[in-house]
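Structure first, commentary second.
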There are 2 protein chains.
Amino acid sequence: MDQVLSSVRNGCRLLKIFLDSPKELGVTELSKKLQLSKGAVHKLLSTLESEGFIRQNEKTKQYTLGYTLLELGTKVLTNHDIVDFSKPFLDQLVSRTNELAVLCVQDSKDAIYVAKEDSLHPVRFTVESFRRFPLYSTSAARVLLAYQPEEFQDEILQEHPLKSYTPHSYTSVEQIKEDLVAIREQGYEISSNRRNTGVTGIAAPIFDSTGHVTASVSVIGPSDRVMPKKEEILQETLATVRAMSAQLGYRMS
Amino acid sequence: MDQVLSSVRNGCRLLKIFLDSPKELGVTELSKKLQLSKGAVHKLLSTLESEGFIRQNEKTKQYTLGYTLLELGTKVLTNHDIVDFSKPFLDQLVSRTNELAVLCVQDSKDAIYVAKEDSLHPVRFTVESFRRFPLYSTSAARVLLAYQPEEFQDEILQEHPLKSYTPHSYTSVEQIKEDLVAIREQGYEISSNRRNTGVTGIAAPIFDSTGHVTASVSVIGPSDRVMPKKEEILQETLATVRAMSAQLGYRMS
DNA sequence: AACGTTGTTCTCTATTCGTGAACAAAACAG
DNA sequence: CTGTTTTGTTCACGAATAGAGAACAACGTT
């Protein structure tokens, strides 16, 4: 593409560097990571600072993310009505399964947990909300991928190196694609010990009135607690996504 | 200033337009608000979209804020250790006063509530976190302003039109400035019926080890409930900010 | 006290940003 | 269903500027 404003893209990338970094970064460090001159990075920083997207620590002279991003981030949440909509459903699912329940959506080539409800176990799993992860890596995400066109699936599966997180992980693209077909046929996925050893996820899709998958719900817990009850949890999960889909205007065929 | 990358600034302002708008906006609308050509806005949008800062609704063709802003926003929060630090203090303050307690910080020329703890009253006040407001408008903010250099105070007070929110509001700059001196002398502020009729705020500053004011704490409630107990609430608030300041390494002189 | 950093400023040219008009594709009204 | 308006999108070009690179100042370290 050449329809891209390079300095805007640099600004965006500069901000995103902070996602995987300690809280403060200096000009020199940023210029290395962005592969830009120090002068250019400095101009970027002072522009972003004047708009509140970046803040400079007066003592250390280093830079951090600014409060305007906090405002914008909360605005994203309030815009996103499915988050509010899902809250009572997730609550109920947790109270019935006693495990972590999450709501997962797709954003271009990534998946994101946008809502979650922790279980009440004293020792419990939780997930990081709002962080991107690959569409093939968790059960909630794979359910989303399963309902995408095949060309898109191939694009995703080719692009990424498909790291094996655990010994049980998928190894071949063909294997994943078979699995995606199976998800679509049965309408859910139960995945054990894939990304994280000892973790089992049970996930199912939510449909809107046009029949598109808008999000997925997943119950996640330790395998030895979840697997014995897997039928029961699956039924609860399916009941939840059906209720949500119905409320969104979806009519089962 | 001419040390500013204009397209980056335009991108930032484009994003901020969404803060005070419905959730979706079109190119034409944005180009009017930004006073830029439609073509330029379109380039901005597709650049921001390719970085995840903007999302386009495929049906309506309109644009919304993207999930990357959610990631960045939560990162701001996790970076900001005073938020975690304040949590137990705010909790305790609420349990002792039975009113809303907030933590307020300054960001350039604005104030922002970065943490809050609602009271347990069935009908209760609350505030919107993470939205900017003027430094002269609430007691928590005025406490922050009171400890700023006088030139800065003048800058703030001159710049804004100083709207009178209620009949009891300040009208003149001199009046506010006298008040700021008083805040600094007594170390707290009690403000009634200023911005919102019937609301009373009791606020006091937190000092760090270098003696700078890093944030302020305020207890906010309906005047008829707060004013009768104002001495008690004030003492609780002062005890809280002193404990917080001490833990940050501040030594009272 | 000398050094190696850091963030900041400056100048200059190749680059690109923003305009304005033309385009297609919806949404609308009659 | 059809003409009309408004939408998002594309394009080409000239004016404006973004980014490189070196020099600077202000640190902290050795």
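For the range B:6-21, the criterion of being at pLDDT below 90, more than 14 Å from DNA strand C (Cβ to nearest atom) and not assigned by TED's automatic domain parsing to the domain that holds B:F133 is met by at least one residue.
I'd like the full set of residues that are part of a helix (DSSP H, G or I) and either over 25 Å from A:T74 (Cβ atoms) or facing another protein chain (nearest Cβ under 8 Å) (or both), limited to the range B:39-59. Lay out the reasoning, then the answer.
Pass one, the range B:39-59, residues part of a helix (DSSP H, G or I): B:39-50.
Those that are part of a helix (DSSP H, G or I) and either over 25 Å from A:T74 (Cβ atoms) or facing another protein chain (nearest Cβ under 8 Å) (or both): B:G39, B:A40, B:H42, B:K43, B:L44, B:S46, B:T47, B:L48, B:S50.
Whenever a residue of the range A:126-145 is more than 14 Å from chain B (Cβ to nearest Cβ), it has no partner that is part of a strand (DSSP E or B) and among the β-branched types (V, I, T) lying with C-beta atoms less than 6 angstrom away and at least six residues away or across chains.
Those helices (runs of 4 or more DSSP H) of the range B:60-171 in which at least 1 residues are at pLDDT below 85 and among the charged types (D, E, K, R), considering only elements entirely within it, cover B:81-97, B:150-159.
Determine which member of the set A:K109, A:K59, A:K87 is of a type in the set (D, E, K, R) and within 16 Å of DNA strand C (Cβ to nearest atom).
On the way: A:K109 fails: within 16 Å of DNA strand C (Cβ to nearest atom); A:K87 fails: within 16 Å of DNA strand C (Cβ to nearest atom).
Exactly one residue qualifies, and that residue is A:K59.
Of all the residues in the range B:1-38, those that are in a helix (DSSP H, G or I) and more than 10 Å from every other protein chain (Cβ to nearest Cβ) number 10.
The set of residues in the range B:186-241 that are at pLDDT 85 or above, acidic (D, E) and exposed (fewer than 15 other Cβ atoms within 10 Å of the Cβ) comprises B:E231, B:E232.
Within the range A:60-77, the set of residues being more than 8 Å from every other protein chain (Cβ to nearest Cβ) and either under 15 Å from B:G73 (Cβ atoms) or crowded, with 18+ Cβ neighbours inside 10 Å (or both) comprises just one member, A:Y63. Scan the range A:196-217 for residues that are polar (S, T, N, Q) and over 13 Å from A:M244 (Cα atoms) and the total you get is 4. Residues in the range A:10-65 that are on the phi > 0 side of the Ramachandran plot and near DNA strand D (Cβ under 10 Å from one of its atoms): 2 in all.
The values are calculated or read from the model by the stated rules, or taken from the named source; none is laboratory data. All figures in this text were calculated on a predicted structure; none of them were measured in a lab. All Cβ positions, glycine included, derive from the backbone under ideal geometry; neighbour counts span all protein chains shown.
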